[in-house]
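Values quoted throughout were computed directly from the atomic coordinates according to the rules given, and no laboratory measurement underlies them. Being a predicted model, the structure only gives us computed values, none of them experimental.
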C-alpha cells in the first residue's frame with residue numbers, strides 16, 4: 001500500500017477536493033472563464049462546475065500550498081460570492 005502511495009504523482013498524494021457554492025447565476029461562458037482562472041492559480045489542481053447544479057463547483061487543490069480558505073479567497077479575487085460547502 002505504501003508503495004502505491006509513493007508511486008502516485010505529487011498532486012494526487014496532496015490533493016484535497018472541496019465543494020464550493022457560487023451564489024451568482026453564471027452562464028456557460030462565465031463558468032468556463034471561472035474554471036480557466038482558477039486552474040491558472042498556483043495550488044489549484046482542477047475546477048469544474050457540477051453538470052446539474054450550476055451553483056456547485058468541485059475544486060481540487062494541493063493541501064501543501066493551499067487551504068480551503070485560500071480557495072475561497074480565489075473566488076473573492078474573481079469578484080464572486082462563494083461559500084465553502086465541505087470536502088468530498
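Comparing 47, 24, 15 in a Gaussian network model of the chain where C-alpha atoms under 10 Å apart are linked, the largest mean-square fluctuation is found at 24.
Stretching the chain fully between residue 69 and residue 48 yields a gain of 5.8 nm (0.36 nm per residue, less the alpha carbon separation). Please say if segment 17-87 is rounded, prolate or oblate, where rounded means a/c under 1.5 for a ≥ b ≥ c the square roots of the C-alpha gyration tensor eigenvalues, and otherwise the choice is prolate for a/b larger than b/c and oblate otherwise? Note, shape of segment 17-87 comes out prolate.
Calculated from DSSP H runs of 4 or more alone, at -39500 (n - 2.57) each and per residue, what is the 222 nm mean residue ellipticity of the chain, nearest 500? Here the helix-only value at 222 nm equals -9500 deg cm²/dmol. Against the chain, whose longest principal axis is taken from its Cα atoms, helix 28-39 shows a tilt of about 40°. Over the chain, Cα pairs under 8 Å with separation of 6+ residues give a relative contact order of 39 percent. Between the Cα long axis of helix 68-77 and the first principal axis of the chain there is an angle of about 40°, rounded to the nearest 10.
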